[in-house]
Amino acid sequence: MQTNFIAQHGELLNHYQTKTKQPDSYFKEVWITTTHITHAKSYLLEISYE
């Protein structure tokens with residue numbers, strides 16, 4: 001992940017990390033995939049759970 005993405009969206013990433021560490025979490029693993037679309041100045045964020 002790019003440093004500027006983490007700087008801009010760190011709270012969102014922390015939110016999902018906290019969700020997966022709860023004792024009643026039903027997820028074994030969580031994957032986060034990001035793509036930076038430079039011409040649109042946007043990021044795509046995909047969160048997958050197992």
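One table, with the values for the structure above:
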quantity	calculated
Rounded to the nearest 20 debye, dipole of the chain from Cβ charges on Lys, Arg, Asp, Glu	120
Amide H within-cut-off set for Tyr43, under 5 Å, with H built and near neighbours excluded	Ile37
Calculated FRET efficiency for the pair Ile37/Glu11, C-beta based, R₀ 25 Å, to 0.05	0.70
Percent of beta bridges antiparallel (DSSP, segment 3-49, rounded to nearest 5)	100
Structure-based [θ]222 nm, the chain - -39500 (n - 2.57) summed over DSSP H runs of at least 4, per residue, nearest 500	-12000 deg cm²/dmol
Relative contact order of segment 3-49, pairs being alpha-carbon contacts under 8 Å that are 6 or more residues apart, as %	26
Positive minus negative residues near Leu13 (Lys, Arg vs Asp, Glu; Cβ under 15 Å)	0
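Read-outs: derived from the displayed coordinates by stated rules, not from any lab. Keep in mind that what you see is a predicted model, and the values were worked out from it rather than measured. So basically every Cβ, Gly included, is an ideal-geometry build from the backbone, and we count neighbours across all protein chains shown.
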